[in-house]
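Take a look at the structure below.
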Amino acid sequence: MIKGFKDFLMRGNVIDLAVAVVIGAAFNAIVTAFTTNLINPIIAVFGGNNVDGLAVKLGDNDKTIIDFGAILTAIINFVIVAAVVYFIFVLPMNKIKERRKRGEEPGPSEPTDVELLKEIRDLLAAQRREG
């Protein structure tokens, strides 16, 4: 039972799916920050300038604040999460898969077109002699 579970985990599909979910969640933070702090204020604006740190207020309305700091934070979070996931999960899994492949013996090679044609020729010649 333990061996079956280990084989299930080592197939790679589970790890790939987990990585995709984590990266997707981190990317969602970037998209949310981008739309909330950049796109929405541009749509809500139409005048004025007020700079506060890394944020820019484009009008008198509080909905017109473009918060570059929040966007930058989300991007940095994404890069950090992606790097951690890659170096902690993906890279070791790829090394394990590589080691497993090294232990496997290569199967028989596929015959070439020329070899197949020679075999067909020989079979046809054998049929003519019999018939």
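Descriptive notes on the structure:
- For region 73-89, filtering for residues that are surrounded by fewer than 16 Cβ atoms within 10 Å (Cβ to Cβ) and either more than 24 Å from Ala55 (Cβ to Cβ) or touching a residue at least 60 places away in the same chain (Cβ under 8 Å) (or both) leaves 6.
- Meeting the requirement of 3 or more residues that are modelled with pLDDT of 85 or more, over 26 Å from Ala25 (Cα atoms) and of a type in the set (Lys, Arg), the helices (runs of 4 or more DSSP H) wholly within region 54-131 are 113-130.
The values are calculated or read from the model by the stated rules, or taken from the named source; none is laboratory data. Note that the structure is a prediction, hence the values are computed from the model and not measured. We place every Cβ from the backbone using ideal geometry, glycine too, and count neighbours over all the protein chains shown.
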